[in-house]
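These notes concern the structure reproduced below.
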């Protein structure tokens, strides 16, 4: 295997992307190019501990800009593209669907076209598209999503990701572009932007603000610790079969209200508060439009073919996540005020 291959990680300043970059830099000798537009959820301070690596490069690029992509290709032609850049928050997609179409559909198409033109008929390349289980729609009380589940997206976000999945497969079938796709369940862990459920619950408990829960809290999600996801990405990138899809799940189904109560209980212990004080902050709010009832993944293909299983169970993962956010209160304050953007201005604007 080529040891000095160049790997693009799009969205590398985001939550999952920053963990992918850190993992690959510490494990391999590849050249890693972080391709990120630095939108509200992209934060270069997520990578301050590895930015000194000589084989790490940052490219400030909006993937909807074909010219910008081509410019980076000329400087850092990729052998692999691990594509994580996306608008990802369902609530935002309901308010502004067009932004999701631009980034998730047009941006993905721009990257596919650039890869096709660069690689031509080379088969030792890889376009790895990382997607979501939300493209499959909503499950009832039983059953699981797997690689053969028909698509049934219910939100503008999931519809845009479904479209990008189909485009990636179309490039495989039409142009023979070497691709893999993975669809994962809900990630959690350090560096997650506080618009998602777990960090916003932690933040609100810290500040003794109401903890919002949609509807009656009975919606079910499968929770995957981010490092477990990163290790699955590593395996799929190196050993996955070209043209295949892999479902990645945490085997950790929880009702939203049970997850919130677990967080409240752990936070009370960590903060030395009376038992039940944080749970008193729970406030049921009007349900989100089109709120999918249940997601759950059957990851048996990934387990049997590539020998991956999740290692972190919810109780341990939630405690590790809470510990990180309590330690990194400054990070939490900076990302919620936009103060971290000054870091980019100071460090990279004149490069």
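Does the stretch 188-208 include one or more residues that are more than 30 Å from residue 261 (Cβ to Cβ) and either surrounded by fewer than 21 Cβ atoms within 10 Å (Cβ to Cβ) or touching a helix residue (DSSP H, G or I) at 6+ places or on another chain (Cβ under 6 Å) (or both)? Within the stretch 188-208, none of the residues are more than 30 Å from residue 261 (Cβ to Cβ) and either surrounded by fewer than 21 Cβ atoms within 10 Å (Cβ to Cβ) or touching a helix residue (DSSP H, G or I) at 6+ places or on another chain (Cβ under 6 Å) (or both).
Name the residues in the stretch 140-171 that are farther than 21 Å from residue 127 by Cα, out of contact with any helix residue (DSSP H, G or I) (no Cβ under 8 Å at 6 or more places or on another chain) and without any contact (Cβ under 8 Å) to a residue 40 or more places away in the chain, would you? Result: 142, single match. For the stretch 57-160, the helices (runs of 4 or more DSSP H) that sit wholly inside it and include 1 or more residues that are within 21 Å of residue 174 (Cα to Cα) and in contact with a strand residue (DSSP E or B) (Cβ under 7 Å, 6 or more places away or on another chain) are 108-119. Inside the stretch 1-36, residues that are within 15 Å of the chain's Cα centre (by Cα) and in a loop (DSSP other than H, G, I, E, B) make up a count of 4.
Within the stretch 228-251, being assigned to a helix (DSSP H, G or I) and within 13 Å of residue 309 (Cβ to Cβ) holds for 228, 229, 231, 232, 235.
Taking the stretch 236-251 as the region of interest, how many residues are farther than 30 Å from residue 176 by Cβ and surrounded by fewer than 19 Cβ atoms within 10 Å (Cβ to Cβ)? Final tally of qualifying residues: 1. Checking the condition under 19 Å from residue 162 (Cβ atoms) and crowded, with 17+ Cβ neighbours inside 10 Å, which residue from 63, 94, 82 passes? Result: 63 is the single residue among 63, 94, 82 that is under 19 Å from residue 162 (Cβ atoms) and crowded, with 17+ Cβ neighbours inside 10 Å.
Among the residues of the stretch 18-33, those that are farther than 17 Å from residue 61 by Cα and touching a residue at least 60 places away in the same chain (Cβ under 8 Å) comprise 19, 20, 23, 24, 27.
Residues in the stretch 252-286 that are loosely packed, with under 14 Cβ neighbours inside 10 Å and part of a loop (DSSP other than H, G, I, E, B): 5 in all. The strands (runs of 3 or more DSSP E) found wholly in the stretch 162-218 and carrying at least 3 residues that are closer than 22 Å to residue 17 by Cβ and touching a strand residue (DSSP E or B) at 6+ places or on another chain (Cβ under 7 Å) occupy 179-184, 186-188. Just checking, does the stretch 328-339 include any residue being under 22 Å from the mean Cα position of the chain (by Cα), closer than 30 Å to residue 137 by Cα and either part of a helix (DSSP H, G or I) or at pLDDT 95 or above (or both)? Looking through the stretch 328-339, none of the residues is under 22 Å from the mean Cα position of the chain (by Cα), closer than 30 Å to residue 137 by Cα and either part of a helix (DSSP H, G or I) or at pLDDT 95 or above (or both).
The values are calculated or read from the model by the stated rules, or taken from the named source; none is laboratory data. Values in this document were obtained by computation on a predicted structure and should not be read as measured data. Counting neighbours? That spans all protein chains shown, and the Cβs are built from the backbone with ideal geometry, glycine included.
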